[in-house]
Amino acid sequence: MSLGGYVVRRLLQLVPIALGVTILVFFLIHLVPGDPARTILGNQATTVRVKLLRHAWGLDRPLPVQYLKFMGRLLHGDLGTSLFYSVGAGRLVLQRLPVTLWLIGFGAVLAVAIAVPLSAFAATHRDRLPDHIVRAVPLVGLGFPPFWLGIVLLLTFGLNLGRLFPVGGYGSGFTGHLHSMFLPALTVALGIAPILIRSLRAGLLEVFEAEYITTARSKGLPERRVLIRHALRNAIVSTVSVLGVNIGYLVGGTLVIEQVYAIPGIGQLMINSIFERDFPVVQAVTLVFSVMVVLVYLATDVAHALLDPRVRFD
């Protein structure tokens, strides 16, 4: 099977996944205690006004009827209207989606920047003190919850050490985004870097035992060149899959990090919408999250196949 055919087949698999997500999210969100109309109008609103607003939104109809209306709108590209903001839910998501993509992408880059040199350093000093330190120290950070780690970084570099980084927000312009998003992205990176380090170190140690590495060394090539051009190039294949899986996990994990750093992404939008009982926005964000995860896994599989010619798309 060609690359194009494989991608098309995987994209078609999005349809049943998205359908399943809509069913789960729609009915689960209606199980959350609280009434959107009562939340919007306040506790002092009369019962009549609450009933009128629920009728206007169609919330007084049976859930299967509401779901069919939701799917009818979705098939026409309409994700519904926010009950709280009174604008299209899709518009709200698209406005905040670039912020979340920035956070995930920046965090992945930092994770790779941390993991590659540390893995190479540990693998070239196998079973010695540097190797033990590289293997042990990151695991300590892996045990910390992301929200706790984010608060520590925020207090340390945002308040105590001369306010090196902003304590919240997204910034403006490319350099502003880099500056404002560094601490959140570092929080993301520290969560997945230990896993990448272990994967890449194991891959490097396996590659170091290969015959072509012995041949390269016998030719008198510098150890640095052997590491970069031969060992790292082949060992990183499996790590790409590990990175892809963890990026997919981080798509949902950004909810907490965006809340800690007050980042106006779709994660923060979803948390606020849950508290406000804004059903259409919660459904729209969840659907976008599910599509993002599937696309990340698809990109990971394609990258793995392109890096390793032994992998076939069929």
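The values are calculated or read from the model by the stated rules, or taken from the named source; none is laboratory data. Given the structure is predicted, the values throughout are model-derived calculations rather than measurements. All Cβ positions, glycine included, derive from the backbone under ideal geometry; neighbour counts span all protein chains shown.
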| Looking at PHE279, PHE275, which is the one that is in the same structural domain as LEU186 (by TED's automatic domain parsing), without any contact (Cβ under 8 Å) to a residue 12 or more places away in the chain and within 22 Å of PHE26 (Cα to Cα)? | PHE275
| said: I'd like to check something: does the stretch 220-230 contain any residue that is touching a residue at least 12 places away in the same chain (Cβ under 8 Å), under 18 Å from HIS304 (Cα atoms) and not charged (D, E, K, R)? | reply: yes
| Out of (1) of a type in the set (A, V, I, L, M); (2) farther than 23 Å from PHE144 by Cα; (3) surrounded by fewer than 22 Cβ atoms within 10 Å (Cβ to Cβ), what's the single condition that is false for ALA262? | (2)
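Residues are listed down the side, and each one gets a yes or a no for (1) closer than 30 Å to VAL15 by Cα; (2) surrounded by 15 or more Cβ atoms within 10 Å (Cβ to Cβ); (3) in contact with a Gly (Cβ under 7 Å, 6 or more places away or on another chain):
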{"position": "VAL87", "(1), (2), (3)": "yes, no, no"}
{"position": "LEU101", "(1), (2), (3)": "yes, yes, no"}
{"position": "PRO117", "(1), (2), (3)": "no, no, no"}
{"position": "VAL134", "(1), (2), (3)": "no, yes, no"}
{"position": "PHE157", "(1), (2), (3)": "no, yes, no"}
| Residues in the stretch 3-20: is at least one in contact with a Leu (Cβ under 6 Å, 6 or more places away or on another chain) and on the phi < 0 side of the Ramachandran plot? | yes
| request: Run down LEU24, LEU3 and say which single residue is farther than 24 Å from VAL288 by Cα and either at pLDDT 80 or above or out of contact with any Cys (no Cβ under 7 Å at 6 or more places or on another chain) (or both). | output: LEU3
| message | Just to verify a result, which residue in the stretch 290-314, among those that are in contact with a helix residue (DSSP H, G or I) (Cβ under 6 Å, 6 or more places away or on another chain) and among the aliphatic types (A, V, I, L, M), is modelled with the lowest pLDDT? | response | VAL311
| Which residue pairs have Cβ atoms closer than 7 Å, lie 6 or more positions apart in sequence or on different chains, and pair a first residue in the stretch 157-186 that is in contact (Cβ under 8 Å) with a residue 24 or more places away in the chain with a second residue that is loosely packed, with under 13 Cβ neighbours inside 10 Å? | VAL167/LEU159
| Every residue from the stretch 38-58 that is modelled with pLDDT of 75 or more, among the aliphatic types (A, V, I, L, M) and either within 15 Å of SER82 (Cα to Cα) or exposed (fewer than 13 other Cβ atoms within 10 Å of the Cβ) (or both) | VAL48, LEU53, ALA56
| message | Take VAL65 and tell me if it is within 22 Å of the chain's Cα centre (by Cα), among the β-branched types (Val, Ile, Thr) and assigned to a helix (DSSP H, G or I). | response | no
| Conditions (1) aromatic (Phe, Trp, Tyr); (2) in a helix (DSSP H, G or I); (3) in contact with a Phe, Trp or Tyr (Cβ under 8 Å, 6 or more places away or on another chain): number failed by PHE165 | (2)
| note | Of the listed residues (VAL288, VAL302, VAL251), the one being in contact with a Leu (Cβ under 8 Å, 6 or more places away or on another chain), under 22 Å from ALA89 (Cβ atoms) and surrounded by 16 or more Cβ atoms within 10 Å (Cβ to Cβ) is VAL288
| Is it the case that the stretch 244-256 has a residue that's hydrophobic (A, V, I, L, M, F, W, C), modelled with pLDDT of 85 or more and not assigned by TED's automatic domain parsing to the domain that holds GLY42? | no
| said: Can you list residue pairs whose Cβ atoms sit under 7 Å apart, with the first residue in the stretch 63-82 being over 19 Å from VAL93 (Cα atoms) and the second being of a type outside the set (D, E, K, R) and surrounded by fewer than 16 Cβ atoms within 10 Å (Cβ to Cβ)? Count only pairs 6 or more apart in sequence or on different chains. | reply: LEU63/PHE27; LEU63/HIS30; GLN66/GLY58; LYS69/GLY58
